[in-house]
1. Express in nm, to one decimal, how much length is gained between residue 423 and residue 268 on full extension, taking 0.36 nm for each residue of separation and deducting their alpha carbon distance.
2. For the chain, which whole-number percentage of the solvent-accessible area (1.4 Å probe, protein heavy atoms only) is attributable to carbon and sulfur atoms?
3. Can you tell me which of 384-395, 148-159, 203-214 comes out highest on packing, and rank the rest after it, using the mean Cβ neighbours within 10 Å?
4. Among the GluC sites (Glu not before Pro) within region 233-339, which fall in a DSSP loop and have no more than 14 other Cβ atoms within 10 Å of their own Cβ?
5. Would you list 338, 28 from the most to the least accessible area, probe 1.4 Å?
6. Taking the full set of protein chains and a 1.4 angstrom probe, give the accessible area of residue 304 in square angstrom, rounded to the nearest 10.
7. Give a residue-ordered list of calculated ³J(HN,Hα) values for region 309-316 (Karplus: 6.51 cos²θ - 1.76 cosθ + 1.60, θ = phi - 60°; whole Hz; x for Gly, Pro).
8. Which three extents, in whole angstrom, do the alpha-carbon atoms of region 336-399 cover along their principal axes, largest first?
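The values are calculated or read from the model by the stated rules, or taken from the named source; none is laboratory data. Please read all numbers here as calculations on a predicted model, not as lab measurements. Heads up, the Cβs are rebuilt from the backbone with ideal geometry, glycines too, and the neighbour counts pull from every protein chain shown. We work out accessible area using only protein heavy atoms, side chains counted, and drop any ligands, DNA or RNA first. Shrake-Rupley method; radii C 1.70, N 1.55, O 1.52, S 1.80 Å.
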Amino acid sequence: MANMRYVSTRGVEPRRFYTFEEAATTGYAPDGGLFVPESLPPISEDDLARWKGLDYASLAYEVLKPFCGGEVADLREMLTACYADFPSSSVVGLREVKEFQVLELFRGPTHCFKDLGLPFLTRVVAYFAEKRKKKRTLLLSTTGDTGPACVDAAAKLASPFLRVICTYPKDMVSEFQKRQMTRTPTTMIVQYDGGGDDMDAPIKRILQGKRHSEISGANSYNICRPLVQTVHFLWLAVHCPEKATLLALPTGAMGNLAAFVMATKRLETTTTRSSSWRLLAACNRNDFTYRALELGDCRRSPAMLKTNSDAINIQIPYNFERVLYYAGRDATSMAKIYDGSLERLPEKTTMNLRDFGLAAARVPDERTVAAIRAFSSPDYIPDPHTAVALAAAEDRLLLLPEEKNKEKDNVVVIATAHARKFEAVVKPALPDPSYWPAYVGDADHQPEGASKHHLLFARQPGESLQDAQANWEASLLAIIDQSEWPSS
């Protein structure tokens with residue numbers, strides 16, 4: 001099997017090529033861009049028909065082998081292990097909720113869609129670390145779901161070549177999520193005073209620094225994440241090709257949105273409805289996605305806003321860089337967005353994004369609460385992020401009645417987490433308190449207690465964000481240098 005080559009989204013001719021190992025074990029390309037495959041092998045209708053009888057792990061193998069099968073010798077076994085401990089026999093599945101189909105992606109061990117991607121990323125990094133006999137640290141920042149999924153995956157793998165440092169913004173994850181971020185002495189949990197993506201710059205500098213051969217990034221800038229997330233979109237194409245024309249997706253860092261773009265580009269040669277899917281990216285008051293896709297406005301908002309859907313609190317989604325790449329090989333806009341020198345997307349880029357069928361909606365907290373109330377029953381309760389997508393889909397159909405007449409029940413809402421992770425937001429919104437125990441089951445169940453390795457990176461009064469980030473970076477490097485980590 002020929003090895004897929006990888007390039008940077010910011011690469012210019014002559015292009016430099018990278019191996020899957022190089023792309024997967026670092027995260028960011030040396031020029032600051034994100035890695036993408038040199039090509040996206042097309043999927044045929046014969047492929048879709050052949051894949052229909054496969055279980056999820058086998059489908060993942062068929063989808064991913066063109067991208068890494070030449071470098072990962074035991075890819076099939078690796079993917080089987082990734083999904084072996086899912087509590088549900090069905091890794092993903094559709095549920096009918098009023099007028100919508102809901103694609104449930106939260107059936108894994110930490111109750112969120114990150115369980116579909118982090119076990120693969122973790123095993124890939126450990127595979128190459130063990131192959132090179134060189135220990136690696138997985139470094140990540142979480143707004144609530146990535147952290148628990150990565151910690152859980154690494155703990156179950158228990159590789160002597162891998163340890164995890166997981167950071168999260170103080171007061172912006174649920175208590176359930178915080179308690180999930182526990183497991184082993186090889187996991188360090190760090191909370192910091194800041195917003196959801198304020199740790200991105202320090203982590204990026206670390207990953208591109210002199211220590212890059214020892215440290216791997218685990219957020220969705222790592223190409224493993226959007227690659228493996230194409231699988232659930234292709235599962236939908238395989239099993240429900242005629243049931244979806246518009247997908248409504250809770251959107252934060254755009255990892256799922258980038259995966260959607262990559263999956264649909266692979267389907268372009270088919271005649272199924274999935275080849276012409278459209279996507280409605282639903283965000284909260286942290287609305288970069290809405291402004292960029294609908295208005296061409298790509299300015300960073302002045303501050304991160306606290307919301308009741310904190311897991312999608314993002315000011316600049318790093319996967320927008322991949323979306324821009326596929327929307328016309330725009331190699332320059334993202335760097336300008338980061339440094340604040342670009343306020344509006346080029347018109348050609350905006351038109352290309354629309355040609356992809358991408359639209360966006362902004363959902364305020366009160367509308368999220370209303371959607372939780374409206375769509376809840378004893379058999380189903382949406383989490384706040386799924387509620388954002390439900391509200392966006394419902395409002396879009398109300399505003400565009402001709403679209404509702406055309407699509408009828410052909411809207412699929414992507415459900416990214418289970419309601420039990422967000423009790424403080426969900427329970428007060430329910431029309432009947434009995435719905436909670438009926439749907440959740442053991443309402444008193446909580447994950448394990450907090451890890452003994454749990455630190456706080458405080459921000460001093462009057463300290464600028466840039467100075468705080470420089471201090472956080474130095475502190476993270478100091479932790480990485482330690483052979484044993486201190487207790488809190």
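1. 51.7 nm
2. 50
3. Sorting 384-395, 148-159, 203-214 by mean packing, highest first, produces 384-395, 148-159, 203-214.
4. For GluC sites (Glu not before Pro) across region 233-339 that sit outside H, G, I, E and B with at most 14 neighbouring Cβ atoms in 10 Å, the list reads 242, 268.
5. So the residues, ranked largest to smallest area, are 338, 28.
6. 30
7. 10, 4, 5, 10, 7, 9, 8, 10
8. Dimensions of region 336-399 along the principal axes of its Cα atoms: 49, 26, 18 Å.
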